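A short write-up of the structure that comes next.
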Amino acid sequence: MATVHNGTIRIDNKENRELNTDNLQDQLKDLQETFRKFTVAYFEQFAGITKPIIGIQKLLSELSTDFQITDKEAYRVLRKYKWIISPSMSIEFVVDAIKIGMKKGNQRGKIDRMFIDYYLDEDCAAIIEMSHVWNKNKIIKPRMKIINDCIKLLKSHQPSINPSNIIIPTLLSQIDGILSDFTRQKGIKRNEKSWKAEFRKMVKNEQLLEYSMELANDLLLEYLFQTSIPGKPLGFPFSFNRHKIVHGEQIKYGRIDNAIRSLLIIDYLAYCE
């Protein structure tokens, strides 16, 4: 039996315990917070989407408010230096990269170094975290043994070996396969001249706003998969071109920044619908 007297619940049992109603409110709040944390953890672990969605929404909103960087400015800077936004990136990192890119002169070396350090620090922790989502993608999952081998090589390579020479062609072949499987599901025929335009029109990515989608599509379609004629220069000169690399025409592709670009494109495709 329980009675209430002066804000106290008295429970008549063997221990004759007393519980203050104020404490009950605090306990209820604690339970609600515990449930919230459990829910977030569940979706992060099993659905693999909660953290990226929260992260990219925060990133994109804060870019245009707290840091007063417009979409067009961010697009211009990142496109100039051939980098894209990943849902796993921290807001501080993206802002710092864009601010450096907005300075006068060529900032390519500094921005490339920022991306390299960000993804290689702490034994490639940012890459490994990013790759957890890929395991939940039906198209990418069967390829994860190959991709994980590339990440391990990038993480533990010998100083006398350039892992990018090995990693990049392997990752590009997997990107090609992922892209083929994905476009086939969407009914896009890659043997038709209009396939890139169809890709831009039909493919959605809930993690990215319009300008971020444009960045990713530009790097994927206009640079990596741009039309290549053997023996002739590219329309958009860039060492990161699938055809020139895989067919052995481009031999100076082996750079860490291009290896990271390959992984970022896989991350982009992992969220495409």
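The table for this structure:
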item: Whole-angstrom gap from segment 79-129 to segment 173-218, using each part's C-alpha centre; result: 24 Å
item: Pairs beyond 31 Å (Cα-Cα), from 193/244; 136/252; 110/193; 82/201; 103/136; 72/155; result: 136/252; 110/193; 103/136; 72/155
item: Distance in nm between pseudo-label sites at residue 252 and residue 236 (7 Å out along the Cβ direction from Cα); result: 2.0 nm
item: Förster radius 51 Å - calculated FRET efficiency between residue 155 and residue 193 (Cβ-Cβ, nearest 0.05); result: 0.80
item: For 115, 238, order by how many other beta-carbon atoms lie within 10 Å, fewest first; result: 238, 115
item: Cα-projected label distance for residue 96 with residue 116, points at 7 Å along beta-carbon direction, nm; result: 1.6 nm
item: Under Karplus coefficients 6.51, -1.76 and 1.60, residue-wise ³J(HN,Hα) of segment 214-221 in Hz, glycine/proline x; result: 4, 4, 5, 5, 4, 5, 6, 8
item: Residues 91, 146, 161, sorted so that the one with the fewest Cβ neighbours within 10 Å comes first; result: 161, 146, 91
item: Binned Cα-Cα distance frequencies in segment 48-270 - 5 Å width, integer %; result: 1, 6, 14, 19, 21, 18, 13, 6, 2, 0
item: At R0 = 25 Å, FRET efficiency that the Cβ-Cβ distance of residue 141 and residue 202 yields, to 0.05; result: 0.65
item: Residue exposure sequence - 93, 199, 236 - by fewest surrounding Cβ within 10 Å; result: 236, 93, 199
item: Length gained when the stretch residue 108-residue 210 is fully extended (0.36 nm per residue, less Cα-Cα span); result: 34.3 nm
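Just so you know, all these numbers are worked out from the coordinates, no wet-lab data involved. Bear in mind the structure is a predicted one, so any value in this text is a computation, not a measurement. Methodologically, a virtual Cβ is constructed for each residue, glycine included, from the backbone with ideal geometry; neighbour enumeration extends over all protein chains shown.
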